[in-house]
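Right, one structure below, let's go through it.
Any read-out appearing in this document is the output of simple, stated calculations on the displayed coordinates, not a laboratory observation. Note that the coordinates shown come from a computational prediction; the quantities given were computed from them, not determined experimentally. Don't worry about glycine lacking a Cβ; one is built from the backbone with ideal geometry, like all the others, and counts go over all protein chains shown.
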Amino acid sequence: MNSHNSLAQVVTIDGPSGSGKGTLSQLLAQNLNFHLLDSGALYRLVALAAISQGVDPQAQDKVAELAANLDVEFDVSGKDMRIRLAGRDVTAAIRTEEVSRVASIVAALPPVRNALLQRQRDFRQAPGLVADGRDMGTMVFPDAEVKIFLTASPEARAERRYKQLQERGEWVDMAQLVEDIRTRDQRDSERSVSPLKPADDAYILDSTDMSIGQVLAAMLARVEEAKR
Ligand code: DC
């Protein structure tokens, strides 16, 4: 990495799923005209590669090798980003329930996290980067200028997920969703490698009672403040 890249500003946005991280990271990157790193997509790509090549997701050395050799392209030339794996458009394929499940298994393997570290840091390019994930402010960009930890109550997150699924024509039990979210939160924050926790110097933003516009405004204000 050249010195120019290492000087580019980074805004990290970490938090649990359903906190609005994905949407807000995209909006923030557009507003600031920054690059965007969707680190969860990298874990999903590793999962998809393991599934399609018949690699056992628990076989950490084999999965780490897949992670180190991922042939991935993030195409931002169109309106929506397209993700390609070995030339194949997998933008939708990495969002299935099966890939989500396998992604959370491979994300808990230290050699896999290591293999993806430099690839993530390479996204730090001028004029700046918005990095979305779980350990962006703690592990990947500990020197980031702005660190945000975006959260929301399990109920609010379940409600957002419910609406998303409803729009896709899928019906699920609301109480079950809240329960699933609580279980996943516990697993994510208690795992030994890169547990989900705010960096010491992170700004904690609770979006439970905030609109998307309000959260974006709060984030932009934080970025402005950091310039002073
Ligand atoms: O944010 P997401 O749902 O796309 O993330 C997919 C999986 O990868 C999820 O199990 C959390 C994990 N992940 C991680 O461990 N570290 C990151 N920086 C990003 C995602």
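Structure summary
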quantity	calculated
D_trans [Stokes-Einstein, Kirkwood Rh over alpha-carbon pairs] for the chain, 25 °C, 0.890 mPa s, µm² s⁻¹	135
Proximal charge balance of R95 [Cβ under 14 Å; K/R count +1, D/E count -1]	-2
Positive minus negative residues near S19 (Lys, Arg vs Asp, Glu; Cβ under 10 Å)	+1
Listed residues N31, P127, V172: farthest to the positive end of the dipole of the chain (Cβ charges)	P127
Segment 17-95-segment 114-146 distance, computed between alpha-carbon centres (Å)	14
Candidates L165, L32, L66, ranked by Gaussian network fluctuation over the chain, Cα under 10 Å, top entry	L165
Cross-link partners of K62 among aspartates and glutamates (Cα-Cα below 20 Å; sequence separation of 8 or more within a chain)	D71, E98
